[in-house]
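Structure, as structure tokens:
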Amino acid sequence: MLLQGKKIAIVGGGPGGLTLARLLQMKGLDVSVYERDLNRQVRVQGATLDLHYESGLKALRQANLLDLFKEVYRPGADRIRVTDEHGIVYFDQHAQHYLTDFDDPWFRPEIDRGPLRELLLDSLEPGTVVWDSNFEGLYKHEDKWVLNFKNGSSAEADFVIAADGANSKIRPLITDQKPFYSGITVVEGNIYHADDNAPVLAKLLNGGKIFAFGDSKTIILSSKGDGSISFYTGFSIEETKDLGIDVTDHLQMLQWFKKEYDHWDPVWYELFVHPATIFTVRPLYCMPLNQIWTGRSDLTMLGDAAHLMPPYAGEGVNMAMLDALELSEVLTGGIFTETLSAIQYFENQMLERSAQIAEITLDNTSWMHSPDGLKKILELFAPDKS
Ligand SMILES: Cc1cc2nc3c(=O)[nH]c(=O)nc-3n(C[C@H](O)[C@H](O)[C@H](O)COP(=O)(O)OP(=O)(O)OC[C@H]3O[C@@H](n4cnc5c(N)ncnc54)[C@H](O)[C@@H]3O)c2cc1C
């Protein structure tokens, strides 16, 4: 088998990197994951994730983790309500038949990022993840890679996989293509104890998701298993991380929201009134759709590092996990006799698939933030069989 007896370094312990580590370890390969988080107790923020039959769930199935997933996913959390800017519900999956069949390709079970990370971490051999390893650079010494980390430590490997996400530090070593700005920025936040701190929205969420559209803007909310609500507002703005206000001050954020979302109902103010909420301003980027690069036999990348895209098709985690599955297959499936052609085959497939998904994603990003956003999402959900 390719890479037998070789040392494999995965940089980044997100869904892509951890899924890959699990799949390679199942074949007996020597894998370490270098993750910048200080330890596994670090709270994983962000929206909940629905895993798809043909990608995220497929990878879990191959990793022998589907049964464990069934114990920790959140039945019903994938139910969506679509509202306008006044919070009026136009489409409600709570009122529909609910799928729970893992063999049905339309079933997209929801899991929080924290439990997904726990599930993957628990599947790895002890010591696989080297925490507090904030990757800074790598160079070749004789025939080995030497990886350097911010804390002064270093590691050696024969084969390196970049799974270090949107701002990958390894990506520039593989391609000189850079992400471009999508035109949409989000303000992300998480409200803990939502029943107390955002009671009206918590009730409207009803344990599921809300997609709200109005005035060419969006807000997407997810209820999480720890009783919190995560949300992100999407709006058009010139590329900047600076809204001209102090984002650590919720009162300034509330004023900003009232101005930016001036046609929106006060019901949404609940997102900005709790002093403990931490807001992150995130301009959304996308890697070019026509990427090509020269494959290497000892270095590759997957997930957001390779094909970052905005979140408006809910595919990022699913693509990262499918990349992991496909990379593990070319490396361990016995089809390829040398690593270079295995990697080139993997990368070509990944780039072709992710370009198709990114095209859909960019299209969604555009119409969702147009005056027709609500109308179009309702058309999209109309033939939904659920
Ligand atoms: C607001 C928002 C909502 C989203 N909603 C969805 C959704 O509903 N469904 C979906 O499928 N996708 C969604 N996504 C996209 C999804 O989060 C990503 O596509 C996915 O997490 C990519 O997985 P990954 O493993 O490639 O990278 P990541 O999840 O970003 O993981 C990268 C890992 O690398 C680590 N890391 C980073 N830099 C370094 C370094 N220098 N050294 C060491 N470690 C490092 C990070 O700490 C992290 O653990 C959303 C994204 C955003 C911004």
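The values are calculated or read from the model by the stated rules, or taken from the named source; none is laboratory data. Quick caveat: nothing in here was measured; it's all calculated off a predicted structure. All Cβ positions, even for glycine, are placed from backbone atoms using ideal geometry, and neighbour counts span all protein chains on display. In case anyone asks, the SASA skips ligands and DNA or RNA and just uses the protein heavy atoms, side chains included. Shrake-Rupley method; radii C 1.70, N 1.55, O 1.52, S 1.80 Å.
Here are some notes:
- Sole residue being crowded, with 18+ Cβ neighbours inside 10 Å and closer than 18 Å to E125 by Cα, chosen from A59, A47, A63: A63
- Residues being at pLDDT 95 or above, surrounded by fewer than 21 Cβ atoms within 10 Å (Cβ to Cβ) and polar (S, T, N, Q) - total across the stretch 231-246: 1
- All positions within the stretch 256-288 that are part of a loop (DSSP other than H, G, I, E, B) and closer than 21 Å to S236 by Cα: Y261, D262, H263, W264, D265, F279, M287, P288
- Here N364 fulfils each of the conditions (1) at pLDDT 95 or above; (2) more than 15 Å from the ligand (Cβ to nearest atom); (3) not small (G, A, S) apart from (2).
- Scan of the stretch 127-147 for residues that are in a loop (DSSP other than H, G, I, E, B) and more than 10 Å from the ligand (Cβ to nearest atom), ordered by number: G127, T128, E142, D143
- Residues in the stretch 274-288 include at least one that is more than 16 Å from the ligand (Cβ to nearest atom), farther than 24 Å from R61 by Cβ, outside the structural domain of L119 (by TED's automatic domain parsing) and hydrophobic (A, V, I, L, M, F, W, C).
- Taken as a whole, the structure leaves K150 outside the set of residues that are modelled with pLDDT of 95 or more and more than 11 Å from the ligand (Cβ to nearest atom).
- Within the stretch 127-147, the residues that satisfy the criterion of being aromatic (F, W, Y) and open to solvent by 20 Å² or more (accessible area, probe 1.4 Å) are W131, Y139.
Let's see how each residue does on (1) among the basic types (K, R); (2) out of contact with any helix residue (DSSP H, G or I) (no Cβ under 9 Å at 6 or more places or on another chain); (3) closer than 18 Å to N167 by Cβ:
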residue	(1), (2), (3)
D249	no, yes, no
F257	no, no, no
E260	no, yes, no
D265	no, yes, no
V281	no, yes, yes
Y285	no, yes, yes
T294	no, no, no
D304	no, no, yes
A324	no, no, no
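- Which listed residue is away from the ligand (no atom under 15 Å from the Cβ) and of a type in the set (A, V, I, L, M), from L124, L99, L120: L99
- Filtered by the rule that a residue be hydrophobic (A, V, I, L, M, F, W, C) and surrounded by 14 or more Cβ atoms within 10 Å (Cβ to Cβ), the stretch 334-359 gives F336, A342, I343, F346, M350, L351, A355, I357, A358.
- H52 vs. criteria outside the structural domain of M321 (by TED's automatic domain parsing) and touching a residue at least 24 places away in the same chain (Cβ under 8 Å): no
- In the stretch 104-126, the qualifying residues are those that are part of a loop (DSSP other than H, G, I, E, B) and within 23 Å of R22 (Cα to Cα), and the one that is most open to solvent (accessible area, probe 1.4 Å) is P126.
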